[in-house]
1. Within region 364-384, identify whether any single residue is among the aliphatic types (A, V, I, L, M) and outside any helix (DSSP H, G or I), and answer yes or no.
2. Listed residues THR399, THR462; which is hydroxyl-bearing (Ser, Thr, Tyr), assigned to a helix (DSSP H, G or I) and in contact (Cβ under 8 Å) with a residue 40 or more places away in the chain?
3. Could you tell me whether region 363-384 includes any residue that is surrounded by 22 or more Cβ atoms within 10 Å (Cβ to Cβ), more than 23 Å from LEU452 (Cβ to Cβ) and not polar (S, T, N, Q)?
4. Check region 106-115 and report whether any residue there is over 14 Å from ILE13 (Cα atoms) and surrounded by fewer than 17 Cβ atoms within 10 Å (Cβ to Cβ).
5. Can you say whether ARG70 is charged (D, E, K, R), in contact (Cβ under 8 Å) with a residue 60 or more places away in the chain and touching a Phe, Trp or Tyr at 6+ places or on another chain (Cβ under 8 Å), as far as the supplied structure shows?
6. Being over 26 Å from ARG353 (Cβ atoms) and aromatic (Phe, Trp, Tyr): is that true of PHE403 here?
7. With the checklist (1) modelled with pLDDT of 75 or more; (2) farther than 25 Å from SER47 by Cβ in hand, flag the one item SER412 doesn't pass.
8. Quick one: in region 335-382, of everything that is within 22 Å of MET23 (Cβ to Cβ) and small (Gly, Ala, Ser), which residue is farthest from the chain's Cα centre (by Cα)?
Amino acid sequence: MLANPTLRALLAICLFTYVAQNMLNVSIAPLARALGLREWIVGLAVSSAALFVTLLSQFWGRRSIAWGRRRVLLTSLTLAVIAGSLFSGAVALRAAGALGATAAALGIVVARGPFFGSAVSAIPPTGQALVAEITPAEEDRVRGMAAFSGSIQLSIVIGSVVSSALGAWSIYAPVHATPVFVVIALVIGLVGIPRDGTEPHRRRRRMRRALRRPVTADPVTTARDAPSAAALAAPAGPGATVLPEPATLESALSEAGPSGAGTVTAGGPVSPAARPAARALPPRVSWTDPRLLPWIGAAFGMFFTSGVVQIIAGFIVQDRLGLSPQRAVSVTAVMLLANAAGAMLTQLVAVPRLGWRPQRLVRTGVTLALVALVVLALAPSLPLMAGATFCVGLAAGLTSPGFTAGGSLAVSGPEQGGVAGILNATGSLTWIFAPVTATTLYGWHPIAPFVLAGAVLAVSVTTAWTAGSLRP
């Protein structure tokens, strides 16, 4: 599967883009306090980004099939570079005292929220649709989705390490590095993503130009090679080869186009009907589709819990261990590194070897997550907190590929672009509520976010074990 060059480029784009995104998660708590902003401001930026990812995931997923992967990815990455640069500029101006708290908050929320979220929302559904396209069998689909999700988890690992190293130098450095990593992803897209249908379209254009080009006959060659008028007028005998009429050749040429309709007039312009038609958008997939609802209900709590854990990790290490903001960045990186390492190892190593069906992966994952969340809520020391977040990562590593593979296998081939958007949007939907609710509840009581996450996760555990379509 990884022999596919387009998939390799997509995984690399995903890696660098999500390194850029996840560097903020490490420094979110100390960054807000260093800028003199309320914690919920940065949480709102992350939540609003997730909102636009949710709204636009199916839009991009369907258009990755209709417009082509290259056009979709280059558009999204260009927008992400602009958004990351605006976010970096707002933070720099606030740190220099050139921007008031209200203006800085507005700039950070808009640039890192709707703008950045709208841009990067194209990448996961594009990748998931490609994986679905090249993995028709269930076992291959699970492995493919695990590899794709694993690249995202690897980006969290790298983002945590890079953010920790940069944060030791300056708490604002991870923010300013965000657009740099997206630029790297953009370069990979320019070089590694081929133009969809490039060669067939080039061949058709060359053939049409040849038909329209006037031919200057050489008199000597014409006299020697041209058949006599009598030969042309003579009827074809048995077994004789009949040369095609020019109109027949032109009709065949037009039929070779993607639309299969229209004709080409020799020596004249190509008629509108003969021009290659844009590929039709694949069908939309509904959130209430009964084929998908059990999968969404079973996995929603896992994604919500992951969001809560990642967002409040910086707060709990700073408050439970009594750390300064500068020191909290490095320790938070350890927490997120443990979480991402658990998910990455599960998806890249365990899932391909276990050979479990999607249903079993989801049930085991959400159950393990509930136990790990209870331990994290009560953990008083860094080793215990890191161990619990590692287990939350393990649980997510089981749930995510089971969810994406199961949902993808539940629908038909033409619906893969739409369902990829829905599956990606499910995880993003939880991030709409998780950051802002977790940070707000934490300001009220440190245990409150864990109670909310536990309640949502308990619903998913119940769904995973009782829904009929998730039973083996």
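The values are calculated or read from the model by the stated rules, or taken from the named source; none is laboratory data. Values in this document were obtained by computation on a predicted structure and should not be read as measured data. Here Cβ is always computed from backbone atoms with ideal geometry, including for glycine, and neighbour counts include all displayed protein chains.
1. Scanning region 364-384 turns up at least one residue that is among the aliphatic types (A, V, I, L, M) and outside any helix (DSSP H, G or I).
2. Selected residue: THR399, the only one of THR399, THR462 that is hydroxyl-bearing (Ser, Thr, Tyr), assigned to a helix (DSSP H, G or I) and in contact (Cβ under 8 Å) with a residue 40 or more places away in the chain.
3. Within region 363-384 (the criterion being surrounded by 22 or more Cβ atoms within 10 Å (Cβ to Cβ), more than 23 Å from LEU452 (Cβ to Cβ) and not polar (S, T, N, Q)), the answer is no, since none of the residues qualifies.
4. yes
5. Working: charged (D, E, K, R): yes; in contact (Cβ under 8 Å) with a residue 60 or more places away in the chain: yes; touching a Phe, Trp or Tyr at 6+ places or on another chain (Cβ under 8 Å): no.
In short, no.
6. On the way: over 26 Å from ARG353 (Cβ atoms): no; aromatic (Phe, Trp, Tyr): yes.
No; evaluated as a whole, the condition is false for this residue.
7. (1)
8. First pass over region 335-382, keeping only residues within 22 Å of MET23 (Cβ to Cβ): 335-345, 347-348, 382.
Checking which are small (Gly, Ala, Ser) leaves us with 338, 340-343.
Details: ALA338: 23, ALA340: 17, ALA341: 20, GLY342: 20, ALA343: 17 Å.
The selected residue is ALA338.
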